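Values quoted throughout were computed directly from the atomic coordinates according to the rules given, and no laboratory measurement underlies them. Fair warning: this is a prediction, and the values are worked out from it, not measured in the lab. No Cβ is skipped: glycine too gets one built from the backbone with ideal geometry, and neighbour counts run over all protein chains shown.
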Amino acid sequence: MPLRELLEEALLEPDIGTTSCFRWHATPVGIAAVWHGGKPPLAPPFEDALKEGLQVGLDLSREEREFHQLNAGLVILFHS
């Protein structure tokens, strides 16, 4: 199954936490931070996601990161 489909399907499941700008989801390919803080910024907000991840007990500072534009909106994916 392509990555996009895996993420779209996983984002239908309940989130594992919510912060001011993101909904957090555990997916088969990593931790997904879904932007919900209004209009998304022009550049992916990686640093904001790292800071807010700590609020839900996730230290993602050593993880690889990438962003995707999905039906759910802007998604930052953290993975090893």
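Just a few scattered comments:
- Of all the residues in region 1-13, those that are surrounded by fewer than 18 Cβ atoms within 10 Å (Cβ to Cβ) and in contact with a strand residue (DSSP E or B) (Cβ under 7 Å, 6 or more places away or on another chain) number 5.
- Some residue of region 14-31 being aliphatic (A, V, I, L, M), touching a residue at least 12 places away in the same chain (Cβ under 8 Å), in contact with a Cys (Cβ under 9 Å, 6 or more places away or on another chain) and crowded, with 16+ Cβ neighbours inside 10 Å: no
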